[in-house]
Amino acid sequence: MSVRRLAEASLQPASFAFNKENAAAVQQWIAKYPKGREQSAIIPLLMIAQEQEGWVTKAAIETISDMLGMPRIRGLEVATFYTQYQLNPVGTRAHIQVCGTTPCMLRGSEALMDVCRSKIHHDQFHTNDKGTLSWEEVECLGACVNAPMVMIFKDTFEDLTPERLAEIIDLYDAGKGAEVKPGPQNGRHGSEPAGGLKTLTSEKAILKSTRDKEAKAAAKAAKDAAAAAPAAAPATPTPAPVAAAPATAAPSAPAPAKLAAVDTAKTAPAKAAAAKPAKPSLDDKNRPAGIEKPAAVDDLKLISGVGPKIEGTLHSLGIYTFAQVASWKKAEREWVDGYLSFHGRIDRDDWVKQAKALAKGGVAEYIRVFGKKPV
Ligand code: FES
């Protein structure tokens, strides 16, 4: 893994702004995320900045962080973590990313890097004399079955030999990169066997294989259905909510309809068995007490685990303040957990502790207790 630092100050431009076309794209990206979660757009916005400038400048990171209302250090963390962001100026005609992970290494990626060293620069992240080309070694790019490979901008060039990579580099350097067809460079189609097909070599064989598979699947489905069919089940059985049967039902003499329902439930398809448990009743005694909407509503989204949708649900239950959440006892937490289908998440995220801190002293107290800002 390479050390990822920002380019030195002398290379950094003083400012950054999206051009008109990209500014519109940026707004579209931000609008894809829920209100209050706009920071999630940092990844596509940094990529747009890179496509505009050729690399990601410090000014771009800071401008984008400011746009999204996030601390600049968070933007810097993202930009320096992901290797798809170029933190130094790269070649104006091509930046060649050579995969050096095991499958590519075993298939000759070292020789590809030697080509880059001799044709571009001995060291990665340096441009050639003309500033048109640069290269770097990267981790797996997901085309291992066509190893070894390189990526140039958004295209991958696979099944490479050193000679073919040298040709590709020359074409890009001459401004003819568009002439190079991406994908396998040894003539094979996709990731088919390099020596050609050995099976399913004709359309007839493919059709026969498909029909055989379909017939086998149909036979299995029929067998499963026969095994699952209840002996005396009604023609269109509907699993009755056995668990929710009235507590007052006579236990000693269940009605025939109930027996049928029990049988049906036993033999119903797995899908029905996996049905979600019913939500707890709104009239349940453990439902936390709600209040009328107060003039000042707390931002419940500051509690980790509460997003805009959950906050809306809590409001619909009359939960508007941190103090309310902070007061929930175990039974109340379990009721809300069940209502939100959360499976214990409220306790795992410790909403009560978070809410107590926020109710006591807002974000400052939260930072004091948890050592970080609420996200
Ligand atoms: S190892 Fe090179 S693409 Fe996966």
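Only one of ALA31, ALA24, ALA17, ALA9 is farther than 30 Å from ALA147 by Cβ, touching a Ser or Thr at 6+ places or on another chain (Cβ under 8 Å) and either away from the ligand (no atom under 16 Å from the Cβ) or at pLDDT 95 or above (or both); which?
Working: ALA31 fails: touching a Ser or Thr at 6+ places or on another chain (Cβ under 8 Å); ALA24 fails: touching a Ser or Thr at 6+ places or on another chain (Cβ under 8 Å); ALA9 fails: touching a Ser or Thr at 6+ places or on another chain (Cβ under 8 Å).
Just a single option satisfies the conditions, and that option is ALA17.
Out of the residues in region 177-200 meeting the condition of being in contact with a helix residue (DSSP H, G or I) (Cβ under 7 Å, 6 or more places away or on another chain) and of a type in the set (S, T, N, Q), tell me which one is farthest from ASP155 (Cα to Cα).
Filtering region 177-200 for residues in contact with a helix residue (DSSP H, G or I) (Cβ under 7 Å, 6 or more places away or on another chain) gives 177, 179-180, 184-185, 191, 200.
Going one step further and asking which of them are of a type in the set (S, T, N, Q), we end up with 185, 191.
Details: GLN185: 13, SER191: 16 Å.
Looking at residues that are in contact with a helix residue (DSSP H, G or I) (Cβ under 7 Å, 6 or more places away or on another chain) and of a type in the set (S, T, N, Q), I get SER191.
Could you look through region 101-120, keep only residues that are in a loop (DSSP other than H, G, I, E, B) and closer than 26 Å to ARG5 by Cβ, and pick out the one that is nearest to the ligand (Cβ to nearest atom)? Before the answer, list the steps.
From region 101-120, those in a loop (DSSP other than H, G, I, E, B) are 101, 107-108, 120; that's our starting set.
Filter once more, keeping what is closer than 26 Å to ARG5 by Cβ: 101, 120.
Values: THR101: 4, ILE120: 20 Å.
Step by step, filter region 101-120, then rank; the result is THR101.
Out of all the residues in region 145-160, which are surrounded by fewer than 22 Cβ atoms within 10 Å (Cβ to Cβ), assigned to a strand (DSSP E or B) and aliphatic (A, V, I, L, M)?
Hits for region 145-160 are MET151, ILE152.
Out of curiosity, is ASP123 of a type in the set (D, E, K, R), surrounded by fewer than 16 Cβ atoms within 10 Å (Cβ to Cβ) and either touching a strand residue (DSSP E or B) at 6+ places or on another chain (Cβ under 8 Å) or in a loop (DSSP other than H, G, I, E, B) (or both)?
yes
Matching residues to (1) of a type outside the set (Ser, Thr, Tyr); (2) assigned to a helix (DSSP H, G or I); (3) modelled with pLDDT under 95; (4) closer than 14 Å to ASP299 by Cα:
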site: ALA331; (1), (2), (3), (4): yes, yes, yes, no
site: TRP335; (1), (2), (3), (4): yes, yes, yes, no
site: GLY338; (1), (2), (3), (4): yes, yes, yes, no
site: HIS343; (1), (2), (3), (4): yes, no, yes, no
site: GLN354; (1), (2), (3), (4): yes, yes, yes, yes
site: ALA357; (1), (2), (3), (4): yes, yes, yes, yes
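What pairs come up if the first residue lies in region 124-147 and is within 14 Å of the ligand (Cβ to nearest atom), the second is assigned to a loop (DSSP other than H, G, I, E, B) and of a type in the set (D, E, K, R), and their beta carbons are under 7 Å apart, counting only those six or more places apart or on different chains?
Filtered contacts from region 124-147: ASN146/ASP159; ALA147/ARG107.
Looking only at region 53-87, which residues are among the polar types (S, T, N, Q) and buried (at least 18 other Cβ atoms within 10 Å of the Cβ)?
Residues satisfying the conditions are THR57, THR63, SER65, GLN86.
Given (1) touching a Phe, Trp or Tyr at 6+ places or on another chain (Cβ under 8 Å); (2) under 25 Å from ILE152 (Cα atoms), where does THR63 come up short, assuming only one miss?
Of the numbered conditions (1) touching a Phe, Trp or Tyr at 6+ places or on another chain (Cβ under 8 Å); (2) under 25 Å from ILE152 (Cα atoms), the odd one out for THR63 is (2).
Is one or more of the residues making up region 281-301 in a loop (DSSP other than H, G, I, E, B), among the polar types (S, T, N, Q) and within 29 Å of the chain's Cα centre (by Cα)?
Looking for residues that are in a loop (DSSP other than H, G, I, E, B), among the polar types (S, T, N, Q) and within 29 Å of the chain's Cα centre (by Cα), one finds none in region 281-301, hence no.
What residue, among those in region 357-375 that are free of Cβ contacts under 8 Å to residues at least 12 places away in the same chain and touching a helix residue (DSSP H, G or I) at 6+ places or on another chain (Cβ under 7 Å), is nearest to ILE73 (Cα to Cα)?
Once the filter is applied, the top-ranked residue is LYS373.
Which pairs do you get when a residue that is in the same structural domain as GLU137 (by TED's automatic domain parsing), found in region 97-108, comes within reach of a residue that is within 8 Å of the ligand (Cβ to nearest atom) and assigned to a helix (DSSP H, G or I), reach meaning Cβ atoms under 7 angstrom, with the pair 6+ apart or on two chains?
From residues that are in the same structural domain as GLU137 (by TED's automatic domain parsing), the pairs are VAL98/SER109; CYS99/SER109; GLY100/SER109; PRO103/CYS144; CYS104/CYS144.
The values are calculated or read from the model by the stated rules, or taken from the named source; none is laboratory data. These numbers come from a predicted model, not from an experiment. Heads up, the Cβs are rebuilt from the backbone with ideal geometry, glycines too, and the neighbour counts pull from every protein chain shown.
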